[in-house]
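Reading through the structure tokens given below for one structure.
The values are calculated or read from the model by the stated rules, or taken from the named source; none is laboratory data. In this text the structure is predicted, and so the values were computed from the model without any measurement. Neighbour counts run over all protein chains shown; Cβ positions are idealised from the backbone, glycine included. These accessible areas exclude ligands, DNA and RNA; they are computed on the full protein's heavy atoms, side chains included. Shrake-Rupley method; radii C 1.70, N 1.55, O 1.52, S 1.80 Å.
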Amino acid sequence: QKEVEQNSGPLSVPEGAIASLNCTYSDRGSQSFFWYRQYSGKSPELIMFIYSNGDKEDGRFTAQLNKASQYVSLLIRDSQPSDSATYLCALKRGSSASKIIFGSGTRLSIRP
Amino acid sequence: DTAVSQTPKYLVTQMGNDKSIKCEQNLGHDTMYWYKQDSKKFLKIMFSYNNKELIINETVPNRFSPKSPDKAHLNLHINSLELGDSAVYFCASSQTGLSSGNTIYFGEGSWLTVV
């Protein structure tokens, strides 16, 4: 089982709708979770991080974490064509861990 | 004013050659990384240095050797290149090993193609 699992997509969402991206993880010791966005041919850039159960909102983005279910998600409200990218879920194991482990990403396509 | 810069951005080379990729960060971070992203977009950590000390060394062939002359620089040397080494190599940096929400900043990537 992969440590971080994501559906590779592509996930196609109409402009203005809510895009929902999901991620599950296998290690219950995982403590911090990150969502990165990667445009084609570019480097990953951090969108949000979350380490407490519940929701965390930042503009049009909401990260949701459920440690009991080992599940983290990213919601994008009012999706725009510029949101079309690959979204990488990542985690850090333990409070002193020094590396981030990435999922393989979900490709999101916002259709006008 | 690039925060994490790597060179070269594109590299095409023949099998069996030796090549290096250089990375520099001007963020004042104390931890630097090399990640490899394959054709399926899977981003996998290779090495990490904290204050010039190697702290993460994943299962990577011995042909890959990182070197950190100071905490702002982390270079990657690859010997005897193989076709399977073709990938995008990302350098990254962070402060103090990613405590809490400390973020990791990526360079623009180095596209390596082995022919």
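List the pairs whose first member sits in region B:1-25 and is acidic (Asp, Glu), whose second member is not in a loop (DSSP other than H, G, I, E, B), and whose Cβ atoms are under 8 Å apart, counting only residues at least 6 apart or on separate chains?
Between residues of region B:1-25 that are acidic (Asp, Glu) and residues that are not in a loop (DSSP other than H, G, I, E, B), the close pairs are B:ASP18/B:HIS77; B:ASP18/B:ILE78; B:GLU24/B:VAL4; B:GLU24/B:SER5; B:GLU24/B:GLN6; B:GLU24/B:HIS73.
Residue check: is B:LEU54 assigned to a loop (DSSP other than H, G, I, E, B) and hydrophobic (A, V, I, L, M, F, W, C)?
Numbers: assigned to a loop (DSSP other than H, G, I, E, B): no; hydrophobic (A, V, I, L, M, F, W, C): yes.
So B:LEU54 fails the test.
Under the condition of being closer than 24 Å to B:GLY16 by Cβ and either in contact with a Gly (Cβ under 7 Å, 6 or more places away or on another chain) or among the charged types (D, E, K, R) (or both), which residue from region B:59-73 is most open to solvent (accessible area, probe 1.4 Å)?
Filtering region B:59-73 for residues closer than 24 Å to B:GLY16 by Cβ gives B:59-67.
If we keep only those that are either in contact with a Gly (Cβ under 7 Å, 6 or more places away or on another chain) or among the charged types (D, E, K, R) (or both) too, we end up with B:63, B:67.
Working: B:ARG63: 42, B:LYS67: 128 Å².
Selected residue: B:LYS67.
Evaluate the following for B:GLN95: is it of a type in the set (S, T, N, Q), at pLDDT 90 or above and under 24 Å from A:PHE49 (Cβ atoms)? Don't jump to the end; show me each part of the working.
Values: of a type in the set (S, T, N, Q): yes; at pLDDT 90 or above: no; under 24 Å from A:PHE49 (Cβ atoms): yes.
For B:GLN95, the condition - of a type in the set (S, T, N, Q), at pLDDT 90 or above and under 24 Å from A:PHE49 (Cβ atoms) - is not met.
Output the strands (runs of 3 or more DSSP E) that fall wholly within chain A and possess 1 or more residues being within 21 Å of B:TYR35 (Cα to Cα) and in contact (Cβ under 8 Å) with a residue 24 or more places away in the chain, or say none. Before the answer, list the steps.
Details: elements: A:11-14, A:19-25, A:30-38, A:45-50, A:54-58, A:61-66, A:71-76, A:85-93, A:100-102, A:106-111.
Once the strands (runs of 3 or more DSSP E) in chain A are filtered for at least 1 residues that are within 21 Å of B:TYR35 (Cα to Cα) and in contact (Cβ under 8 Å) with a residue 24 or more places away in the chain, what remains is A:19-25, A:30-38, A:45-50, A:85-93, A:100-102, A:106-111.
Out of the residues in region B:9-29 that are outside any strand (DSSP E or B) and touching a Phe, Trp or Tyr at 6+ places or on another chain (Cβ under 9 Å), state the one that is least open to solvent (accessible area, probe 1.4 Å). Walk me through how you get there before you give the answer.
Step one: list which residues in region B:9-29 are outside any strand (DSSP E or B), which gives B:9, B:14-18, B:26-29.
Next, only the ones that are touching a Phe, Trp or Tyr at 6+ places or on another chain (Cβ under 9 Å) stay: B:9, B:27, B:29.
Values: B:LYS9: 74, B:LEU27: 69, B:HIS29: 21 Å².
Among them, the one singled out is B:HIS29.
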